[in-house]
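Reading through the structure tokens given below for one structure.
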Amino acid sequence: MSLYSVHLASPSEYEEAITLRIHIFVDIQKFPLDKEIDEYDPLAQHFVITHKERAHKVVGLLQVYTAGENAKIGQVAVSPEYQGQGLGKRLLEHLEMQLQQDAAFKQCKEAKLGSQYDKCVFYEKCGFVAHGDIYDELGCLHIWMYKPINHTMI
């Protein structure tokens, strides 16, 4: 039996996820706080991975929303003390299943994310392919990565 659960965030888990996002992206990676919560947060579905034996503590998160024919993934993060255990991959695998089944994403042909350039190997291991030029976002190099959504797997 797994110690972790991946699911759509409840309102209280969403608040906990925001706290974790701020810790990772602002405190650790030094992105500006005023850029952490943006206009996409209210549009997105927020998924979390929680630790069942730690009072269902949120240890990882991501968000996704539709952007034309893309399912735009953002804010993928796992708490530093839980990294290296495959939890980020589990989050993305769960999301892929949701994208295949959720009617809200039926028009989406592929999942898209802006990876921090030094993290793109992780996303490649999860089946994403880099495409386009490297770009600067808030002083950090990024690259767009894509993965087809196979709706026939439903």
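The values are calculated or read from the model by the stated rules, or taken from the named source; none is laboratory data. None of these values were measured; they are calculated from a predicted model. Using ideal geometry, Cβ is built from the backbone for each residue, glycine included, and neighbour counts are taken over all protein chains shown. Areas reflect the complete protein model, heavy atoms only, side chains present, ligands, DNA and RNA absent. Shrake-Rupley method; radii C 1.70, N 1.55, O 1.52, S 1.80 Å.
Below 15 Å Cα-Cα, how many Lys pairs turn up in segment 27-120? Only count pairs eight or more apart in sequence, or on different chains, if you could. Before the final figure, lay out each step's value.
Numbers: 72/106; 72/109; 72/112; 89/119.
The number of close lysine pairs in segment 27-120 is 4.
Counting only helical runs of four or more DSSP H residues, what would the 222 nm mean residue ellipticity of the chain come to if each run contributes -39,500 (n - 2.57) and the total is spread over all its residues?
Values: 3 runs with 32 residues, N = 154.
Roughly -6000 deg cm²/dmol at 222 nm, from the helical runs in the chain.
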Exercise for review: Using a Förster distance of 41 angstrom, determine the FRET efficiency expected from the C-beta separation of residue 3 and residue 133, and round it to 0.05.
Suggested key: 0.55
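Can you give me the % of accessible surface on segment 33-154 that is carbon or sulfur? Probe 1.4 Å, all protein chains present, nothing else counted. The partial results should precede the final answer.
Working: 3490 of 6670 Å².
Using a 1.4 Å probe with all protein chains present, segment 33-154 comes out at 52 percent carbon and sulfur.
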Revision key, fill the gap. Per 10 angstrom bin, beginning at 0 and ending with the bin that holds the maximum distance, the Cα pairs of segment 61-123 fall in percents of 21, 52, 23, 4
Practice item. Please give the per residue accessible area of segment 89-154, computed with a probe of 1.4 Å over protein heavy atoms only, in Å². Key: 61 Å²
Review point. Based on Cβ point charges of +1 for Lys and Arg and -1 for Asp and Glu, what charge dipole magnitude is obtained for segment 1-145 about its Cα centre, in debye rounded to the nearest 20?
Key: 460 debye
Study note, to complete from the structure: Taking the dipole of segment 85-154 about the Cα centre (Lys, Arg +1; Asp, Glu -1; charges at Cβ), the one of 115, 101, 143 that reaches farthest to the positive side is 101
Study note, to complete from the structure: Over the Cα atoms of segment 7-50 the radius of gyration and the largest Cα-Cα distance (Dmax), both in Å, equal 10.7, 28
Point to revise | Area accessible to solvent at residue 122, 1.4 Å probe radius, in Å² | key: 80 Å²
Review point. If the convex hull of the alpha-carbon atoms of segment 87-154 is projected onto planes in all directions, what is the mean projected area in square nanometres?
Key: 5.1 nm²
Exercise for review: With a 1.4 Å probe and every protein chain left in place, tell me how much accessible area residue 2 has, in Å² to the nearest 10.
Suggested key: 50 Å²
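If 46, 131 are ordered by their accessible area, calculated over protein heavy atoms with a 1.4 Å probe, which sequence runs from highest to lowest? If you can, show how the numbers build up before the last one.
Values: 46 25, 131 125 Å².
Largest to smallest exposure gives the sequence 131, 46.
Suppose the chain between residue 56 and residue 124 were pulled fully straight at 0.36 nm per residue; how much longer would it get relative to their current alpha carbon spacing?
On the way: separation 68, 0.36 × 68 = 24.48 nm, distance 2.92 nm.
Roughly 21.6 nm would be gained on extension.
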Review point. Once the piece of chain linking residue 150 and residue 10 is laid out straight, how much longer is it, given 0.36 nm per residue of separation minus the C-alpha distance between them?
Key: 47.7 nm
Review point. Stokes-Einstein D for segment 1-111 at 10 °C, 1.306 mPa s, Kirkwood Rh over Cα pairs, in µm²/s?
Key: 110 µm²/s
